[in-house]
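Note sheet for the following structure.
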Amino acid sequence: MDRIVTIQAFGDNYIYLCQYDEHHGFAVDPCESTGILDILQERQLDLKLILATHHHWDHVGAVAELKGHAGCRVIGCDKRRIPGIDSVVADGQIIEVGDDKVQVIATPGHTRTSACYYMLPSRATGPGILWTGDTLFVAGCGRLLECDAQTMWDSLQKLASLPDDTLIYCGHNYTVEDLEFALSIEPDNQAVRQQLRQAIRMQEEGDPTVPSTMAQEKKTNPFLRSDTPEVKNALKIPDAQAVDVFAELRRRKDFF
Ligand code: ZN
Ligand code: FE
């Protein structure tokens, strides 16, 4: 039985339920309750915790309902804008879930108070697991709604410093579109080409396009590749600073 269940909602949102021991689980970004409630019922689990990556309705829409139903704690980094929040956490803080530890990584950029959650690697559970909300997508990144490019770039760099085998579970399925954009930037990048074929196949089968890995993202995600000669040359700004390359990519993606 999979520890992490990916629920597809609202067309392109991903909601996650992580079962961390025999009887308990936590949810990440529940915009809708049905899928979560079904799995809780099916597996006879108590929902103990909700982790919210940011306050947008398509990530926290069902928080109040699930909290009312399960009496679980709600955790996030935004005191005022996340409904029903119980604990406001900050960068570096550790949340204990059963025998596992989840680290809060503050990643302002998409919103001022966006956060990612990183379940630390362990001998029992394997590589680290990263929930990225709307900060990092498979081959993409979130829009800069409340922060500047430097802020988002710094946040992405924090994520990129995690181990290569880190499993990445993001907040949306924009995978095919993001890979098409990546290919438009780097037409010769074979890893992108191959992943695009695979993502199209997964989508046709109705399978989620997550998880990705940090190693994969470093090979295919143009935003994480802003500091590479390949992407700088592709944009014809070989001497630019990484953050300026990132800003230019983000601008282009907004009109893609
Ligand atoms: Zn959002
Ligand atoms: Fe979103």
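The values are calculated or read from the model by the stated rules, or taken from the named source; none is laboratory data. Since the model is a prediction, treat every value here as computed from it, not as a measurement. When we count neighbours, we look across all protein chains shown, and the Cβ atoms used for this are built from the backbone with ideal geometry, even at glycine. These area figures cover heavy atoms from the full protein model, side chains too; ligands, DNA and RNA do not enter into them. Shrake-Rupley method; radii C 1.70, N 1.55, O 1.52, S 1.80 Å.
Scanning segment 93-120 for residues that are in contact (Cβ under 8 Å) with a residue 40 or more places away in the chain, within 17 Å of the chain's Cα centre (by Cα) and not in a strand (DSSP E or B) yields 107, 108, 109, 110, 111, 113, 114. Scanning segment 219-238 for residues that are in a helix (DSSP H, G or I) and under 15 Å from the mean Cα position of the chain (by Cα) returns no hits. When segment 188-216 is limited to residues that are part of a loop (DSSP other than H, G, I, E, B) and within 18 Å of the chain's Cα centre (by Cα), the one that is surrounded by the fewest Cβ atoms within 10 Å (Cβ to Cβ) turns out to be 207.
Only one entry in 6, 113 is surrounded by fewer than 24 Cβ atoms within 10 Å (Cβ to Cβ) and touching a Pro at 6+ places or on another chain (Cβ under 8 Å), namely 6. Annotation: residue 145 fulfils all but one of (1) within 12 Å of ligand 2 (Cβ to nearest atom); (2) within 15 Å of residue 29 (Cα to Cα); the unmet one is (2).
Please tell me if residue 74 is under 16 Å from residue 31 (Cβ atoms) and free of Cβ contacts under 8 Å to residues at least 60 places away in the same chain. So residue 74 passes the test. Look at segment 10-35: where a residue is in contact (Cβ under 8 Å) with a residue 60 or more places away in the chain and open to solvent by 10 Å² or more (accessible area, probe 1.4 Å) and a partner is in a strand (DSSP E or B) and not polar (S, T, N, Q), sitting 6+ places away or on another chain with Cβ atoms under 6 Å, you get 12/172; 20/97; 20/100; 24/46; 24/48. Which members of segment 61-90 meet the condition of being open to solvent by 10 Å² or more (accessible area, probe 1.4 Å), part of a helix (DSSP H, G or I) and within 16 Å of ligand 1 (Cβ to nearest atom)? Those that are open to solvent by 10 Å² or more (accessible area, probe 1.4 Å), part of a helix (DSSP H, G or I) and within 16 Å of ligand 1 (Cβ to nearest atom): none in segment 61-90.
Which residue out of 40, 47 is in a strand (DSSP E or B), surrounded by 14 or more Cβ atoms within 10 Å (Cβ to Cβ) and touching a helix residue (DSSP H, G or I) at 6+ places or on another chain (Cβ under 8 Å)? Result: 47 is the single residue among 40, 47 that is in a strand (DSSP E or B), surrounded by 14 or more Cβ atoms within 10 Å (Cβ to Cβ) and touching a helix residue (DSSP H, G or I) at 6+ places or on another chain (Cβ under 8 Å).
When the residues of segment 135-149 are narrowed to those that are open to solvent by less than 10 Å² (accessible area, probe 1.4 Å) and near ligand 1 (Cβ under 10 Å from one of its atoms), which ends up nearest to residue 4 (Cα to Cα)? That would be 135. Note on segment 174-191: residues that are under 16 Å from residue 136 (Cβ atoms) and out of contact with any strand residue (DSSP E or B) (no Cβ under 6 Å at 6 or more places or on another chain) amount to 5. For segment 13-60, the candidate set comprises residues that are under 18 Å from residue 86 (Cα atoms) and β-branched (Val, Ile, Thr); within that set, the residue that is nearest to ligand 1 (Cβ to nearest atom) is 53.
For segment 155-173, name all the residues that are under 22 Å from residue 112 (Cβ atoms), in a loop (DSSP other than H, G, I, E, B) and within 16 Å of ligand 2 (Cβ to nearest atom). Passing the criteria: only 171.
Taking every residue in segment 179-207 that is at pLDDT 95 or above and pairing it with any residue that is of a type in the set (Gly, Ala, Ser), at least 6 positions away or on another chain, the pairs with Cβ-Cβ distances below 6 Å are 179/139; 179/199; 182/139; 185/234; 186/234; 192/182.
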